[in-house]
Structure formats: structure tokens, C-alpha cells
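Notes follow the structure.
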Amino acid sequence: MSEKARLAPEELSALVDDGQRQKLRMLLNEEHPADIAEWLTDLDNSHRLSCFRLLDLDNASAVLAELEPETQGNLLKDLGDIGVVPIITRMSPDDAADLLAELPKEKVQQIINQMTDTEAKEDIQELMGFEEDSAGGIMSTDYLAVEGKLTADQAISYLRETYAELEDDIYDVYVVSEEEKLAGRVTLKELLMAPPEALVESLMDDNVIKVLTTTDQEEAAEKLSRYDLLTLPVVDESGKLRGIITADDVIDVLWEESTEDLFQASGITGEAGDLGEQLSLSVRRAVGARLPWLLITLGIEAGSVSVITHFDSVIKETVAAASFMPLLSGVTGSVATQSTCITLRGTGIEKLAWRVIIKHVFHEARVGMLLGILCGIATTLMSLMFHSVNPALGFVVGCSLFVTMTCGVLIGTLMPMVFQKAGIDPAHASGPFITSILDVCTMTIYLTIVHQFLLYTTMSVVK
């Protein structure tokens, strides 16, 4: 369908109100499911239901999988069990399991009990038994597998019958034993190019990258990306092949994980989601998601207030020195955030060995010291511009910035690693949390240096 023919939600509503069902049916079923889902999201419940009922079963199942959880729930409620079951049956098992996971257990059981497709029912129930954020929770049970004792010709004949039942295009064929344990992998191309009488086990690669059903979804996504795989097999503890993770599953995982990390780094708790999901939250829930870390930040920043109050006499004696406090706090916070960001890229996927940690810390320490020297010199020159009658002040500020930036880099580097080793998501170590800690450290270091300098010099003060 051309771009010009695309309809706005208001036009869809008008077609529904005018009773132009046939035209609307034709327009909707020619569109991509993702586009239809976007349109339906903007409609009210009544018009959304009317449009959804005009979709054929295949389109309806694909569109339902694309909708946000809240919209899915509203549609399922309006459709009723009788209307939902045929659509759920047409969905891929992993999409159906994700959809049903958002519903109350009683509702899920009612829908499953009405399903007549035994295989689909068993696949969905199996997938719902895994943790949502595990490899088992995101895997698909649609995959190609053959026994190693088959010849290439026999395997191709078997796959020709099986392939038609799959929802996705798959190019990897997994080789299993009689007990369905994963033994190797062979591509469709290798099967087609092999002599007809060649045994599959002689063609397979037995060094297969795989994950357990209990593996965290982020680790599984990282493996598929690292080894440039199209699919990643998932096995249970006995080695039995249970499913595969595909590239589109990984895209969803990476989006979800990056959004979650962004929210945590910003001090927002609870479920991560896009703008639409966040806007759907009630004001009370939105406040509840943001308040905890703000209160923690408030408590830590009270330390800064305490430090400044403690050095009140120093600030009164050196008013000019106080004017540089925002500069030190801002620059130190920025360099610490940079180090935290770099460290998070290394700790967000897998556990780090102590050897790697020590190497990274020393590297960042050297970077921080050099940055501190350069920024300290620049700050000293800046101080001479604004307070030329008191050159000693520039030296004090420059030295302080060197120390605070070095400390900032170390804190920004170590904090995510400490969180990782403690089993806490390292994303919590960034954002408001680390900024507040650095404010306390920066004020303490700076005012202590100024105080010590005053004790042993006769520094002139510009008031």
C-alpha cells in the first residue's frame, strides 16, 4: 500500500462510524502488522475492537503480538475467551506465552483449557514455566532438528515436510540424538550441497555455542551477538534441545535491557518501558517509581550540606574560593560519569575477573590523573583571569581539581564493579547515586585543601 493511502486514526474511526467495513477490511489487511498495531493504539476501545475484528486470523495474531501489554489486555477483555482462543492458537508459542504472561492466572487457565491444538498448548505451557528474563523465557520452540544417523537425502525430505509448519525463516539445522540431546549443527546449504548418502553426523559441527534455559536473557543476547549467530540453541541441564533464540528475540532483549539500564541510571525504579508505557502510568505510580532514589540522593546530599557547614569559617574567609565550588563539582561529576559509562559497557553482560578489574582500574586512574593535570592547569589560568590579585588561589583550585578528578574517575570506575560483584545491577551505580557521592567527596577534598593552605600561608583573599 502506498504511503499516500495510509490512514490517520481519525480516518479509521470515521470509516468505522460510517459502516464501511469492506473498505476498512481491505485497507487494514494490506498493511504491515506493526503499522496496524500503531494505529490501533491511538484508537479508543470501541473503534479499536471494531477494526481488530476485521483482520484475518494471521494478521490478527501478528498485530496482537505487536501491541503494548496494556492495549493487549484491553483487547483480550473485549474479545472474550471465544474470540481469543483462535488468535492465540495462530500465534507463535513464544509470542503467545509472552501475551498470556500479562494476564491473571485464572484467565490464562481458561484460555488454555479451550485450546484444541494440543501441541500449541503444550509449547505455550512449557514456555510459561520459565523465568521471564531467562533464555527459556524468550526462546522459540520453532526450530529444525534431525537425528545424526539420517543421510543428507533423508534429512532434506524430513525438513521439507517440517519447514512448512514454522513461522520464521530458519537456516540452521540442529542435530540431536535419539534422546533429543543436542549433538551438533549443520546449515541448510551444507545439507543441500552434501552427497545424498552422506550421514548428517559427518557433516555437522559438534562445537555448538549454546545456553541453558536458566541463562539470563542478556547473557544469551550477548553470546548470539558476539559469535555472529543467526540462532542460538537453548538446552536444559541434561543437554536436551528445548528451543532456539533468534536475532529478532535479541533485538527485543537489547532494547528492553538498554531501556532498563537507562531508567536505573536515572534513578527510576519499577518496570522499564517506552514513552507510551510511561505515560500510561498513573501519577501515583510514576511518583512511586522516581521517589526512592530521590530520597536516597537527598540523604547523601545532606552530607554535602554538612561538609559546607563544617567549613563555614573557611568559606567566609575565602569567598573567592567558594565561587569555584560549582566548577569542581560539575567537572568531577562529568569525568566520573564518563568512567562509569565505559565501565558499564564492560560489566553489563558478564562477570569480570579480578585481573581484568585491576587492569581497568589502573588504566582509568592514569587517564584521570592526566585529565586532572590538564584541567587543573586550565582552571589555574581561569582563576588568574578572574582573580589576578590572588595567584595563589588559582594554584589551590588547580591542585584541588586534580585530586577530585582522579578520585572521581576511581569512584566512577569502581562503583559499578563493586555492584557487579555484589550481584546488584551496576546501572544503579550511575546517575543520581554516584553524582551525590561525588558531591560530598569533592566538597570535602576542596575545602580541606583550602583550609590547610590557609593554615600555612598568608594567601590574600578577594572579597
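Key figures for this structure:
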quantity	calculated
Those residues of region 294-324 which are farther than 16 Å from residue 438 by Cα and acidic (Asp, Glu), in sequence order	312, 317
Any hit, region 401-411, residues being out of contact with any Asp or Glu (no Cβ under 8 Å at 6 or more places or on another chain), at pLDDT 80 or above, farther than 18 Å from residue 448 by Cα and not assigned by TED's automatic domain parsing to the domain that holds residue 216	yes
Where residue 438 falls short, out of the listed (1) assigned by TED's automatic domain parsing to the domain that holds residue 327; (2) surrounded by fewer than 22 Cβ atoms within 10 Å (Cβ to Cβ); (3) at pLDDT below 90	(2)
Any hit, region 129-141, residues being farther than 30 Å from residue 193 by Cα, assigned to a loop (DSSP other than H, G, I, E, B) and touching a strand residue (DSSP E or B) at 6+ places or on another chain (Cβ under 7 Å)	yes
Subset of region 1-55 that is touching a helix residue (DSSP H, G or I) at 6+ places or on another chain (Cβ under 7 Å) and either assigned to a loop (DSSP other than H, G, I, E, B) or on the phi > 0 side of the Ramachandran plot (or both) - its residue that is modelled with the lowest pLDDT	7
Selection status of residue 112, in a helix (DSSP H, G or I) and either surrounded by 19 or more Cβ atoms within 10 Å (Cβ to Cβ) or in the same structural domain as residue 185 (by TED's automatic domain parsing) (or both)	no
Count of residues meeting criterion [of a type outside the set (D, E, K, R) and at pLDDT 85 or above] in region 224-262	16
First in region 66-92 and more than 16 Å from residue 45 (Cα to Cα), second anywhere and aliphatic (A, V, I, L, M) and assigned to a loop (DSSP other than H, G, I, E, B), Cβ under 8 Å, 6 or more apart	85/115; 88/115; 89/115
Matching residues, region 201-247, being without any contact (Cβ under 8 Å) to a residue 60 or more places away in the chain, of a type outside the set (Asp, Glu) and within 20 Å of residue 178 (Cβ to Cβ)	202, 203, 204, 208, 210, 235, 238, 239
Pair list, Cβ under 6 Å, 6 or more apart: region 291-320 residue among the acidic types (Asp, Glu), other residue assigned to a helix (DSSP H, G or I)	301/436
Test result for residue 150, in the same structural domain as residue 220 (by TED's automatic domain parsing) and touching a helix residue (DSSP H, G or I) at 6+ places or on another chain (Cβ under 6 Å)	yes
Only listed residue being more than 22 Å from residue 98 (Cα to Cα) and surrounded by fewer than 18 Cβ atoms within 10 Å (Cβ to Cβ), chosen from 178, 219, 132	178
Odd one out for residue 193, checked against (1) assigned by TED's automatic domain parsing to the domain that holds residue 65; (2) surrounded by fewer than 19 Cβ atoms within 10 Å (Cβ to Cβ)	(1)
Test: residue in region 169-178 that is assigned by TED's automatic domain parsing to the domain that holds residue 240, at pLDDT 85 or above, part of a loop (DSSP other than H, G, I, E, B) and more than 31 Å from the chain's Cα centre (by Cα)	yes
Pick from region 339-374, criterion crowded, with 18+ Cβ neighbours inside 10 Å and not hydrophobic (A, V, I, L, M, F, W, C), ranking: modelled with the lowest pLDDT	347
Among the candidates 79, 43, residue that is surrounded by fewer than 20 Cβ atoms within 10 Å (Cβ to Cβ) and either in contact with a Cys (Cβ under 8 Å, 6 or more places away or on another chain) or outside the structural domain of residue 119 (by TED's automatic domain parsing) (or both)	43
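The values are calculated or read from the model by the stated rules, or taken from the named source; none is laboratory data. This one's a predicted model, so the numbers in the text were calculated from it and none came from an experiment. Don't worry about glycine lacking a Cβ; one is built from the backbone with ideal geometry, like all the others, and counts go over all protein chains shown.
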